[in-house]
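Okay, structure first, notes after.
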Amino acid sequence: MTGTPPAEVEVDEQMVTGLVARQCPAFSGESVELLGHGWDNWMFGLGEGQVVRLPRRAVAVPLLEHEVRHLPGLAKRLPIPVPAPLFAGSGDADYPWPWLIAPRFEGRNADEEPPAVGQALRLADFLLALHRPDHGLAPSNDHRGIALHLRDAKIRSYWDSLTRQGEPLPQPLVELWEQACRLPPPKDSVWLHGDLHYANVLVRSGEFSAIVDWGDVCSGDPATDLAAVWSLFDDRSARHSALTAYGADGDLICRAMGWAVSFGIILLSTGLADNPRHAAAGRAVLRRVCSDIGSF
């Protein structure tokens, strides 16, 4: 399997400085520094309290537009801060696509600073506040929130790759995946983050400080987001507390574990190519799910 997709547009500090000066003079003159990039976006620090995010691939443009459209409304009801845009920029002669300025939050990714066990209840509160009926307003997504059997072929291709690399999926996880794929999603869809794993959760002093990267915001099965308990908490009691506080029943937990397996497989498989942090996170998710089989 391939690793991080290559950038289709290269961006540097000078380009970002120019974009900000031309389109958002209120932040003109603020320092700009490259923070890094994920699969979809370049991220630059802007002054002391802001971040500039710019798509690095064309496929990420509608994802950023979803954030601009939906995050301001969602932020008002969520008990953990999210980066509702402060400014939405447009493409120009130097950069072809929309971009945005958002608040910059203190904290480190959840793999570098794991959340305290007590944060499990806070995660449940956050998900209950988010997972409300979308009434047809949330974006659709062909990959998140869907029935798991629709992901079966893709996930099996990833775990075939893992097998070839000497990391076959343990049989209990294979059986769990097959069981989860047999379960239909709920009839009523809800708002979802869609990509709630360690790299999109910031932690400071053991507490969640922000939930970021909402490009995959969509509607669908809440099990997609509940899979985060296996990404964020190494303590089984924390995972149990989150699921209990959320009110998850047996089928929802099974589907959530299935989603966790799918995220773990993808993180591990792609991480082996060029991202050791992804690989380590994927292994941790799969280990935690395997240890929880039969526990709920």
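Bear in mind these aren't lab numbers, they're just calculated from the coordinates by the rules spelled out. These numbers come from a predicted model, not from an experiment. Reconstructed Cβ throughout: ideal geometry from the backbone, glycine too, with neighbour counts over all protein chains shown.
Brief remarks on what is shown
- Computed [θ] at 222 nm, deg cm²/dmol, the chain (DSSP H ≥ 4; -39,500 (n - 2.57); rounded to nearest 500): -13000 deg cm²/dmol
- Farthest toward positive dipole pole in the chain [+1 Lys/Arg, -1 Asp/Glu at C-beta], among GLY145, VAL82, THR17: GLY145
- Phi to ³J(HN,Hα) by Karplus 6.51 cos²θ - 1.76 cosθ + 1.60 over segment 45-55, Hz, x for Gly, Pro: x, 10, x, 8, x, 10, 9, 9, 10, 9, x
- Rg/Rg_ref, segment 109-292, where Rg_ref = 2.2 N^0.38 Å and atoms are Cα: 0.95
- For the chain, the dipole from Cβ point charges (+1 on Lys and Arg, -1 on Asp and Glu) about the Cα centre works out to 600 debye, to the nearest 20.
- Per DSSP, loop trypsin sites (Lys or Arg not before Pro) in segment 19-122 with at most 13 further Cβ within 10 Å: LYS76, ARG77
- Kirkwood-Stokes translational diffusion coefficient of segment 210-262, alpha-carbon pairs, 37 °C, 0.692 mPa s, µm²/s: 282
- Under 5 Å from the amide H of TYR95 lies no amide H of any residue 5 or more positions distant or on a separate chain, with H modelled from the backbone and absent for Pro and chain starts.
- Top positive-direction residue, dipole computed over the chain with Cβ charges, set PRO5, SER269, LEU192: LEU192
- Descending principal axes extents, segment 13-104, alpha-carbon based, whole Å: 36, 29, 22
- Here the 3J(HN,Hα) profile of segment 29-34, calculated from phi with Karplus coefficients 6.51, -1.76 and 1.60 at θ = phi - 60°, is x, 6, 5, 10, 9, 5 Hz, Gly and Pro shown as x.
- 5 angstrom amide H check on ASN41, placed H, neighbours 5+ away: ARG56
- Other-chain or far-sequence residues with amide H under 5 Å of LEU86's (modelled H): ILE101, ALA102
- Of ALA242, LEU226, GLY282, farthest towards positive along the dipole that unit charges on Lys, Arg, Asp, Glu beta carbons give segment 145-296: GLY282
- Phi angles across segment 158-168 convert, under the Karplus curve 6.51 cos²θ - 1.76 cosθ + 1.60 with θ = phi - 60°, into 3J(HN,Hα) values of 5, 6, 5, 5, 4, 4, 5, 8, x, 10, x Hz, Gly and Pro given as x.
- Hydrodynamic radius of segment 70-167 per Kirkwood, over alpha carbon pairs, in Å: 17.8
- Volume in Å³ per residue [convex hull over Cα atoms, computed for segment 245-294]: 70
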